[in-house]
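**Q** Please see the structure below; I have some questions.
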Amino acid sequence: MEKPVCLISGVGPGTGSALARRFAEGGYRIAMLARNAERLDTLEKEIGGSKGYVCDVADEAAVNQAVASVGRDLGAPTILIHNAVRGTFGNFLDINPADLQLNFTINTMGLLYLARACAPAMIAAGSGVIITSGNTSALRGKPNFAGFAPTKAAQRILAESMARSLGPQGVHVAYMVIDAVIDLEWTRKMMPEAKDDYFIQPASIANTAFNVAHQDRSGWSFNVEVRPFGEVW
């Protein structure tokens, strides 16, 4: 039997790459969506059974074209992970309203575009998984998150609506709240005095996503929180 297909958006150097590696290790062919062709080419060489697709998830036509190409090249995705994200920060008086609009398009509309492209095949099969990587901004609006939190809150509510619609049809939808600073080169430089236990490892996020994607349907999770043990919450 051919290996199932996992489609991941926002495959960057952190969480996206870790997700691609974890699901490849778990027996999946990986369709990687990102805007950076060079990064995708590098990852294709590193991750067996993977294929990259240059795609801006803010563009519905581009998403539909990419998903169609995945279907022709690898097969219909049985797992979709929307990891693409954009955020700008400042209070509501400081932010550029255009940034909020673009953030919403990538974070929320991107999820809608991808889900609409992938879900019909999952519904027809009576099984499938859709996971969105979120964060605590989906649950609260801090002062300097006016350009970001509204988009993540809308994203979570959209995912919940999808879960209520798709669950009875055999498709598991989950929202992962990542309550942490992800351990990346730029976050380390931004917080040089932070201890190791302050950061979450991208591989840990990927492991949680893999576990959620393989829950028995008698015990599905929707809201899933993940944080390092040193996080104060």
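The values are calculated or read from the model by the stated rules, or taken from the named source; none is laboratory data. None of the values given here were measured: they were computed from a predicted structure. Cβ sites come from the backbone with ideal geometry, for glycine too, and all protein chains shown count toward neighbours.
**Q** Using the structure shown, decide if MET109 is buried (at least 19 other Cβ atoms within 10 Å of the Cβ), touching a residue at least 40 places away in the same chain (Cβ under 8 Å), in contact with a Gly (Cβ under 6 Å, 6 or more places away or on another chain) and part of a helix (DSSP H, G or I).
**A** No; evaluated as a whole, the condition is false for this residue.
**Q** To continue, here is another question. What pairs can you find where one residue is in the range 184-197 and within 24 Å of VAL11 (Cβ to Cβ), the other is part of a loop (DSSP other than H, G, I, E, B) and at pLDDT below 80, and their Cβ atoms are less than 8 Å apart, with a gap of 6+ or different chains?
**A** From residues that are within 24 Å of VAL11 (Cβ to Cβ), the pairs are ARG188/ALA194.
**Q** Residues to consider are VAL67, VAL57; find the one that is touching a residue at least 12 places away in the same chain (Cβ under 8 Å), within 30 Å of PRO168 (Cβ to Cβ), among the β-branched types (Val, Ile, Thr) and in contact with a His (Cβ under 8 Å, 6 or more places away or on another chain).
**A** VAL57
**Q** Return the pair list, or none, for Cβ contacts closer than 6 Å from residues in the range 122-137 that are farther than 11 Å from ASN223 by Cα to residues that are surrounded by 24 or more Cβ atoms within 10 Å (Cβ to Cβ) and not aliphatic (A, V, I, L, M), at least 6 apart or on different chains.
**A** MET122/GLY128; SER137/PHE148; SER137/LYS152
**Q** Filter the range 53-66 for residues that are crowded, with 23+ Cβ neighbours inside 10 Å and in contact with a strand residue (DSSP E or B) (Cβ under 7 Å, 6 or more places away or on another chain) and give the result.
**A** The answer is CYS55, VAL57, ALA66.
To keep it simple, each residue is scored yes or no on (1) surrounded by 21 or more Cβ atoms within 10 Å (Cβ to Cβ); (2) in a loop (DSSP other than H, G, I, E, B); (3) out of contact with any strand residue (DSSP E or B) (no Cβ under 7 Å at 6 or more places or on another chain).
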| site | (1), (2), (3) |
| --- | --- |
| LYS3 | no, yes, no |
| GLY12 | no, yes, no |
| ALA20 | yes, no, no |
| PHE23 | yes, no, no |
| LEU43 | yes, no, no |
| GLY48 | no, yes, yes |
| ALA68 | no, no, yes |
| GLY75 | no, yes, no |
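**Q** Within the range 185-211, restricting attention to residues that are under 13 Å from the mean Cα position of the chain (by Cα) and under 15 Å from GLY134 (Cα atoms), which residue is surrounded by the most Cβ atoms within 10 Å (Cβ to Cβ)? Break it down stepwise before answering.
**A** To start, the set of residues in the range 185-211 that are under 13 Å from the mean Cα position of the chain (by Cα) comprises 202, 205-206, 208-210.
From what's left, under 15 Å from GLY134 (Cα atoms): 202, 205-206, 208-209.
Numbers: PRO202: 21, ILE205: 23, ALA206: 25, THR208: 20, ALA209: 27.
Checked the range 185-211; the qualifying residue surrounded by the most Cβ atoms within 10 Å (Cβ to Cβ) is ALA209.
**Q** Is one or more of the residues making up the range 175-184 surrounded by fewer than 17 Cβ atoms within 10 Å (Cβ to Cβ) and either polar (S, T, N, Q) or part of a helix (DSSP H, G or I) (or both)?
**A** Within the range 175-184, none of the residues are surrounded by fewer than 17 Cβ atoms within 10 Å (Cβ to Cβ) and either polar (S, T, N, Q) or part of a helix (DSSP H, G or I) (or both).
**Q** Mind counting the residues in the range 172-217 that are among the hydroxyl-bearing types (Ser, Thr, Tyr) and within 24 Å of CYS118 (Cα to Cα)?
**A** Here is the first cut: in the range 172-217, the residues among the hydroxyl-bearing types (Ser, Thr, Tyr) are 175, 187, 198, 204, 208.
Narrowing further to those that are within 24 Å of CYS118 (Cα to Cα): 175, 208.
Here the count works out to 2.
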